[in-house]
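Chemist: Attaching a single structure in structure tokens format; questions to follow.
The values are calculated or read from the model by the stated rules, or taken from the named source; none is laboratory data. Everything quoted here is computed from the prediction, not taken from an experiment. So basically every Cβ, Gly included, is an ideal-geometry build from the backbone, and we count neighbours across all protein chains shown. Quick note on the areas: whole protein, heavy atoms, side chains included, nothing else; ligands and nucleic acids left out. Shrake-Rupley method; radii C 1.70, N 1.55, O 1.52, S 1.80 Å.
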Amino acid sequence: MNILILGSGGREHAFAHAISKSEHCQELFVAPGNAGTATIATNIDVSVTDFEAVKSRVLKHQITMVVVGPEDPLVQGISDFFRDDETLQHVMLIGPSKRGALLEGSKERAKEFMAQHNIPTASYASFTKDSLAAGKTFLETLEAPYVLKADGLAAGKGVLILDDLATAKQELENMLSHSKFGAASEKVVIEEFLEGIELSVFVLTDGKSYKILPTAKDYKRIGEGDQGLNTGGMGAVSPVPFADQEFLKKIEERIVKPTVHGLQEEEIDYRGFVFIGLIKVNNDPYVIEYNVRMGDPETEVVLPRIQTDLVRLLEATYQQRLSEIDLQIDAQAATTVMLVSGGYPEAYEKGKEISGLAEVKNSLVFHAGTRLEGAKAVTNGGRVLAVTSLDSDFRKALKKSYQNIESLHFDRMYYRTDIGFDL
Ligand code: AMP
Ligand code: GLY
């Protein structure tokens, strides 16, 4: 079949890499893609949220499977758009319906879903401009640090964790009354702070059954030792060493099963990935957030460990036959290290020539923010390349990535040298 992947990051290059190896994939397209996807697929210059343009390309290229990378098109209802259009009903779109995508699109909705289905999470209350005073009073009942979350999508920036009550009250007002995160902060969820170590679990569900994919831990801060500003993710490790069988069993029983059951009970059409951000408090898992897509850079360590043909897996998801599939996972560990543009996550320059790609051995280089300029790959984003390696343990895998990084170069390239430092 002909397959289209929507998106342009390292996650989408990792999807393209796995899908291009499948015997079930004839022609592969990525929209808009990057310089890396261009080497294994045909890039098409279409925005992921321009549904009409996506439709015309799907029909033109006789595409029968669409894999949606980022959350925006899902939250905007691309899955419903495909299901409601007679000419697209034969297309297997991998990703939840708009109602399903609200688990990421609205923090309040996610909290309500978890409360409804007895899924462990931090206690919370939500407020709007009209209840600002009540919000400030609620903050007084909590202990520091204070967790404020813009309800809607805010490009990963909508969560504030504040040590002091006066600042927390001021920020609550900034969010609700002064549109700090635009429409996304018209509603704010205030949460109890949970202390622990974070990890992510990825689940593929057809809405009835599910497969638990490898766990991963990402490193969000720009600086060594998890210091400095938050980024999209500077590296990742899979599996997560501290998530042993017993802990994974708790995650499955207390979180994964009730989540899938909840989707079913609420008759939500959900055929896609659930990325569950978790925190381990003492020895118990709590949900920090749901995402309705795969993570980036987590995908760059999760997919290379999946040995089952990805197209078969996705087809079974769409056809609600996931329970028939035997999921095979590589026992090796995978790590990825992200090479970023100097200045990221604040202002940075683009268009820097990338060299050394051909010298990389025994690692996979997934392009995150790159584009082709003639025949050359140049930087085109904050996160530029993800260097993934596999080996018997994550330290050996990391060593391979760091060795290969020595041959890669672009002006003002930066990366963290301490991925996995806390494990
Ligand atoms: P989110 O966008 O919901 O994943 O939140 C961003 C980050 O804020 C998470 O990765 C956590 O590090 C942190 N965080 C969110 N909620 C809490 C909480 N209730 N307690 C402690 N940390 C949190
Ligand atoms: N790495 C975090 C995310 O994809 O949201």
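Chemist: Rounded to the nearest 10 Å², what accessible area does L229 have for a 1.4 Å probe in the complete protein model?
Modeler: Roll a 1.4 Å probe over it and L229 shows about 90 Å².
Chemist: Could you tell me the distance between the Cα centroids of the range 183-256 and the range 112-132, to the nearest Å?
Modeler: Cα centroid of the range 183-256 versus Cα centroid of the range 112-132: 19 Å apart.
Chemist: Taking the alpha-carbon distance from K98 and a cut-off under 18 Å, which lysines remain once sequence neighbours fewer than 8 residues away in the same chain are dropped?
Modeler: K55, K107, K111, K208
Chemist: Given N residues in the range 248-291, what is its alpha carbon radius of gyration divided by 2.2 N^0.38 Å? Could you put the intermediate results ahead of the total?
Modeler: Numbers: Rg = 11.2 Å, N = 44, 2.2 N^0.38 = 9.3 Å.
That ratio works out to 1.21.
Chemist: While we're looking at this one, here's another question. For K169, which aspartates and glutamates qualify as cross-link partners when the Cα separation must be under 20 Å and same-chain residues fewer than eight apart are set aside?
Modeler: Partners within reach: E108, D130, E140, E143, D151, E186, E191, E192.
Chemist: Can you compute the modelled spin-label distance between E349 and D85, with each label point 7 Å from Cα toward Cβ, in nm?
Modeler: 4.1 nm
Chemist: Sticking with this one: Could you run the Karplus curve 6.51 cos²θ - 1.76 cosθ + 1.60 with θ = phi - 60° over the range 235-248 and give me ³J(HN,Hα) per residue in whole Hz, x for Gly and Pro?
Modeler: Result, ordered by residue: x, 7, 9, 9, x, 8, x, 7, 8, 7, 4, 5, 5, 5 Hz.
Chemist: Give me a comma-separated list of calculated 3J(HN,Hα) values for the range 67-74, in order, Karplus coefficients 6.51, -1.76, 1.60 applied at θ = phi - 60°, integers in Hz, x for any Gly or Pro.
Modeler: With the stated coefficients, the range 67-74 comes to 10, 8, x, x, 7, 3, x, 5 Hz.
Chemist: Show the residues, 5+ positions off or on another chain, whose built amide H is closer than 5 Å to the amide H of E289.
Modeler: The list, which skips near neighbours in sequence, is G277.
Chemist: Show the residues, 5+ positions off or on another chain, whose built amide H is closer than 5 Å to the amide H of G158.
Modeler: The answer is none.
Chemist: Still on this structure, please answer the following. Over all distinct alpha-carbon pairs, what is the Kirkwood Rh of the range 275-378 in angstrom? Could the numbers behind the result be given before it?
Modeler: Values: mean 1/r = 0.0572 Å⁻¹.
It is 17.5 Å.
Chemist: Would you mind computing, in nm to one decimal, how far apart the modelled labels at K249 and D411 are, each placed 7 Å from Cα along Cα→Cβ?
Modeler: 5.7 nm
Chemist: Can you tell me the convex hull volume per residue for the chain, based on C-alpha atoms, in Å³ to the nearest whole number?
Modeler: Values: hull volume 59.1 nm³, N = 423.
Per-residue hull volume (Cα only) is 140 Å³.
Chemist: Then there is this: Rounded to two decimal places and with Rh computed the Kirkwood way over Cα pairs, what is Rg over Rh for the range 1-84? Intermediate values should be presented prior to the final figure.
Modeler: On the way: Rg = 11.7 Å, Rh = 12.5 Å.
Taking Rh as the inverse mean 1/r over Cα pairs, Rg/Rh reads 0.93.
Chemist: Give me the percent of the accessible area of the range 122-246 that comes from carbon and sulfur atoms, probe 1.4 Å, all protein chains in place. Don't skip to the answer; put the middle values down first.
Modeler: Working: 2790 of 5620 Å².
That fraction is 50 percent.
Chemist: Continuing with this model, one more query. Mind pulling the per residue volume of the convex hull built on the Cα atoms of the range 62-105? Å³ is fine. Before the final figure, lay out each step's value.
Modeler: On the way: hull volume 2.6 nm³, N = 44.
Dividing the Cα hull volume of the range 62-105 by its residues yields 59 Å³.
Chemist: Accessible area per residue for the chain in Å², computed with a 1.4 Å probe and the full protein assembly in place, what is it?
Modeler: Working: 17540 Å² over 423 residues.
Using a 1.4 Å probe on heavy atoms only, each residue of the chain averages 41 Å².
Chemist: With springs only between Cα atoms under 10 Å apart, run a GNM on the chain and tell me which of F273, F82, F247 wobbles the most.
Modeler: Of the options given, F247 has the highest mean-square fluctuation.
Chemist: Now, a different point. Residue-wise, which Karplus ³J(HN,Hα) couplings in Hz belong to the range 408-422, taking 6.51 cos²θ - 1.76 cosθ + 1.60, θ = phi - 60°, and x for glycine or proline?
Modeler: Couplings: 9, 8, 8, 4, 6, 5, 9, 7, 7, 9, 10, 4, x, 4, 9 Hz.
Chemist: Oh, and also: In the range 207-281, what is the volume of the convex hull around the alpha carbon atoms, normalised per residue and reported in Å³?
Modeler: Working: hull volume 9.4 nm³, N = 75.
Expressed per residue, the convex hull around the Cα atoms of the range 207-281 is 125 Å³.
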